[in-house]
Amino acid sequence: MKVLVINCGSSSLKYQLIEMEGEKVLCKGLCERIGMESSMITHEANGKKATTPAIFPTHNEAFLELVKKMTSGEGKVIDSIDEIDAIGHRVVHGGEKFKKSCLITPEVIQAIRDLSSLAPLHNPAAILGIEASYKVFGQDKPNIAVFDTAFHSTMPPKAYMYAIPYEYYEKYGVRRYGFHGTSHKYVSHRAAEYLEEPIERLKLITCHLGNGSSIAAVDQGKVVDTSMGMTPLAGLMMGTRCGDLDPSVVNYLKYTLDITGHQLDEILNKKSGLLGVSGVSSDMRDVEVSAKQGNERAQLALDMLNYQIKKTIGSYIAAMGGVDAIIFTGGIGEHDDESRAKICHHMDWLGIRIDTDKNRDVRNQHKDVVEITAWGARVRTLVVETNEELMIARDTRDVLKEMTEEPAAEASAEA
């Protein structure tokens, strides 16, 4: 089985073609600046990677170009699109309606569209990708929606409800949903596999740390709490997002600065976080360099982020009544040894202690799982390379399998 994984933005299209037997990536790429001038596609296959200019007025042309790259020239990996069994789409917000991945139908598309108010930057882009996929691959090719929020759907009401009038939840769906679900799901299952324990026996805390960051408490394979909220703005401070904030700050800034809600949204989503505090950059690496050069605001930004991560980990240990392993993943989680060290510092009393040398040497190991636990620590600490595309491909395969098994079961029952 070959699965094409699609992650659409409003002006981008990221893709991977995965052969599910052996879970081998046949090719991957990125179409950029869709609908703008200077569009381009980067395609990687057969050990070669090339970026070429292209003309992408819409996502349709981007799909046509990636098909051309996959079926011809040096980047050819298949003879025709008939070899692709299904297409898996990343959809950010599934609300309460979608608790697992599903086959896309007109009703599903409408439901995703109805949820766009909860993810205005992401759900409309996913619909663009789905509709373009139908035009290029035909209506008969199975398209599967894989939701970022689905893995978090196991949270109990005490974790996802906000202390506002209950009717706002009933009428408008105002509650915590959580995001980065495909990443949290992948690394928690990969960690269980590494630890050689059924995930149903483990208490895990997964830390997806990058330009966007979230933490999840995974108890016996089910999420019981997560740091992001109704939108990806909540929780930890991030590259440009503020994270958790006293709601009164919003009104105070709006009236003090005499700005619109849209302008305030821009500030909280695009001008805050590491960038807003440091005044340097939204990139952790740039902020760390500036801090080492004596920039106090840069150092403050780092201290704030690491403190918030440490505090969240501690609260989730309390919520689950213990923890077996801490998992770091994402751009910062996988590559920033200084951040991991500061987060785990002074957590010995909780049984968390990492080996300094192992932590520094992670990037030299070239493994998808590296253990950095210090000798004698009660809690295991792992650095796990996330693979959201593979998780989407696996979910797509599983949905197809369920679809084929159901008719067989019905036929058997009728017989």
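The values are calculated or read from the model by the stated rules, or taken from the named source; none is laboratory data. Just so we're clear, the structure is a prediction, and the values are computed from it rather than from any experiment. Methodologically, a virtual Cβ is constructed for each residue, glycine included, from the backbone with ideal geometry; neighbour enumeration extends over all protein chains shown. Keep in mind that these areas ignore ligands, DNA and RNA; they rest on the heavy atoms of the full protein, side chains included. Shrake-Rupley method; radii C 1.70, N 1.55, O 1.52, S 1.80 Å.
Heavy-atom accessible surface of the chain, averaged per residue, reaches 49 Å², computed with a 1.4 Å probe.
If you count the DSSP beta bridges with both ends in the chain, what percent of them are antiparallel, to the nearest 5?
Among the beta bridges of the chain, antiparallel pairing accounts for roughly 70 percent.
First check a/c for the stretch 250-326, with a ≥ b ≥ c the square roots of the eigenvalues of its C-alpha gyration tensor; if it is under 1.5, answer rounded, and if not, answer prolate when a/b is larger than b/c or oblate otherwise. In terms of gyration-tensor shape, oblate. Consider the candidate values [x] 0.94; [y] 1.05; [z] 0.97; state which one is Rg/Rh (Cα atoms, Kirkwood Rh) computed from the structure displayed. Correct label is [z]. A DSSP coil position with no more than 15 other Cβ atoms inside 10 Å describes the following GluC sites (Glu not before Pro) in the stretch 1-102: E21, E23, E37, E96. The length gained on full extension between K99 and K49, counted as 0.36 nm times the residue separation minus their Cα-Cα distance, comes to 14.3 nm.
Taking 7 Å steps out from each Cα toward its Cβ at Y255 and L121 produces label points 2.8 nm apart. Look at the dipole of the stretch 26-95 built from charges on Cβ: of G94, S38, I81, the Cα furthest out on the positive end belongs to S38. Simple rule: put +1 on each Lys or Arg Cβ and -1 on each Asp or Glu Cβ in the stretch 312-415, find the dipole, and look at G321, A393, I343; the Cα lying farthest toward the positive end is I343.
Assuming a ≥ b ≥ c are the square roots of the Cα gyration tensor eigenvalues, decide whether the stretch 36-155 counts as rounded (a/c under 1.5), prolate (otherwise, with a/b larger than b/c) or oblate. Show your work: numbers first, answer last.
Details: a/c = 2.07, a/b = 1.75, b/c = 1.18.
The shape class here is prolate.
Measuring nothing but protein heavy atoms, the accessible surface of the chain at 1.4 Å probe radius is 51 percent carbon and sulfur.
When the C-alpha to C-alpha distance is required to be over 19 Å, the pairs from K2/K222; K185/K222; K28/K135; K69/K367 that qualify are K2/K222; K28/K135; K69/K367.
Beyond a 27 Å Cα-Cα separation, which of these cross-linked pairs lie in this structure: K100/K158; K48/K270; K203/K342; K48/K68; K100/K254? Long pairs (Cα-Cα over 27 Å): K48/K270; K100/K254. Measure out, as a whole number of angstrom, how far apart the alpha-carbon centroids of the stretch 322-355 and the stretch 265-304 sit. Between the Cα centre of the stretch 322-355 and that of the stretch 265-304, the gap is 21 Å. Here Q263 and K141 are evaluated by their C-beta separation; at R0 = 41 Å the FRET efficiency comes out at 0.45. Classify the stretch 165-309 as rounded, prolate or oblate, taking a ≥ b ≥ c as the square roots of the eigenvalues of its Cα gyration tensor: rounded when a/c is under 1.5, otherwise prolate if a/b is larger than b/c and oblate if not. In terms of gyration-tensor shape, oblate.
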